[in-house]
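The values are calculated or read from the model by the stated rules, or taken from the named source; none is laboratory data. All figures in this text were calculated on a predicted structure; none of them were measured in a lab. Please note: Cβ atoms are built from the backbone with ideal geometry, for glycine as well, and neighbour counts cover all protein chains shown. Heads up: the accessible areas ignore ligands, DNA and RNA and are worked out on the full protein's heavy atoms, side chains in. Shrake-Rupley method; radii C 1.70, N 1.55, O 1.52, S 1.80 Å.
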Amino acid sequence: MERTLEKQKMSAVLGQTVKTGIIKSNLVPMFAGLTLALYTYDIDPGEKLLDILFALIGTILVIGAAGTFNNIYDRDIDAIMERTKVRPTVTGEINVRSALLLGTVMAVLGMVALAFTTPLAAVLGFLGLFFYVVPYTMLTKRRTIYNTEVGSISGAMPPLIGWAAMTGTLTHPAIAALFIIQVIWQMPHFYAIAIRRHDEYKAARIPMLPVVKGVKRTYTQTNIYLVLLSLTSFLFLPLSLGLTLVALLLNVGWLVLSIYGYKKNKDSEKWAKLLFIYSLIHMTILFSTVIVYSLVGIFILK
C-alpha cells in the first residue's frame, strides 16, 4: 500500500514537472499535421507506423523537456502565483539538479526519436524547445507585453513536427495554414488567461498585456487577432472547402462572442472566461476536424 502511494506521488510530481496537461493538448495539433501530411501526399500509414510512433514519443519528450526547463527557471515567480505555487520545483519535491537532468535527458531522447523520422522533424523539435526556453521564458516573459507573441512560435511547432515527420518538407500551403492558425490562436487564448489571473501576474511582475495596458486595450487587440484568425480560414481553400468553412465558422464565432460578450458582461473576468472556454473548444474541434478529414480521405475515399 505504501509503495503504491509512493509511486502515485512520484508520478504526480513528474507529471507536474513536465506539464502533462500541455503535452496532451499539443498532441492534437501534432496529429493534425501528421495525418494531413499522410492524406495530402497519399502516404500509406502502414508504411509509416514506426515514424508515427517516433513522432509521438519525440514530441512528448521535447514538450516535456521544455516544460521542465520552464519550471526550473520560473520557480521564483511560480512561488508567488496561486496556480503555480504547488509545482514540485517550488515546493522542493524535486530539486533543481534532478529536474535539470530530467529535462536534459528528455530533450536529447526526444530529438533523437524525431531524427529517426526525418532530420527536419528533429530540427523543428529543437527550435520549439529553444524558442520556449530562451526567447520566451528567459528573455521576454518578464520584460515585454509581447511575450505571448514570442511564445506562440514554440506553441505552433507541433503541427509542423507532425507534418515534417511524415514528409521531411514544409513546402505545402496546408501546413502553413495549420502553423499560422496555431500562432494566432494563442494570443486571444492567453490574453483570456491573463485577465482571469490578473492579480497573480501583477504580483509576480509579469508584464502580460492586461496587467500593463488594461482590459480595454486587451479587448481591442484580441479582436484584431480574431479578425486575422478569421482571414486565415481561407488558407485551407486550396485543400478543402469543408475545412475552410469549419475554420471560418469557428473563427468568426469567436470574434462575435468576444464583441457580444464584452458588451454584455461588465465583469471582465466573465468575458475572459467565455473566451478561454471557447478557445479550448475551438482548438479541439478544428484540429479534430482536420484529423477526421484526413483519416476519412486516407481509409475511405482513396
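Figures for the structure shown
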quantity: Net charge dipole size for segment 13-301 [Lys, Arg +1 and Asp, Glu -1 on Cβ; Debye, nearest 20]; calculated: 1260 debye
quantity: Stretchable slack from Leu237 to Ala12, in nm (0.36 nm times residue separation minus alpha-carbon distance); calculated: 76.7 nm
quantity: Mean projection area, nm², convex hull over Cα of segment 1-131; calculated: 9.6 nm²
quantity: Under the span-like rule (Cα at least 20 Å along the axis, Kyte-Doolittle mean at least -1.0), DSSP H helices of the chain; calculated: 2-18, 20-40, 49-73, 96-115, 173-196, 215-232, 241-264, 268-296
quantity: Helix-only [θ]222 nm of the chain, DSSP H runs n ≥ 4, -39500 (n - 2.57) each, per residue, nearest 500; calculated: -25000 deg cm²/dmol
quantity: Qualifying lysines (Cα of each under 28 Å from Cα of Lys264; at least 8 residues distant if same chain); calculated: Lys202, Lys213, Lys216, Lys273
quantity: Segment 186-229 and segment 61-88: distance between their alpha carbon centers, rounded to Å; calculated: 20 Å
quantity: Listed residue (Val211, His172, Ala99) projecting farthest to the positive dipole end of segment 13-301, Cβ model; calculated: Val211
quantity: Sites Arg217 and Lys266, calculated FRET efficiency, Cβ-Cβ separation with R0 22 Å, nearest 0.05; calculated: 0.80
quantity: Cα-based shape type of the chain, given that a ≥ b ≥ c are square roots of the gyration tensor eigenvalues and the cut on a/c is 1.5; calculated: oblate
quantity: Segment 187-235: C-alpha gyration tensor shape, a/c 1.5 cut-off, then a/b vs b/c; calculated: prolate
quantity: Highest-fluctuation residue, Val62, Val28, Val246 considered, GNM on the chain with Cα pairs under 10 Å; calculated: Val246
quantity: The chain, accessible area per residue, ligands and nucleic acids excluded (1.4 Å, Å²); calculated: 48 Å²
quantity: Carbon/sulfur fraction of accessible area - segment 116-161, other protein chains in place, 1.4 Å, %; calculated: 79 percent
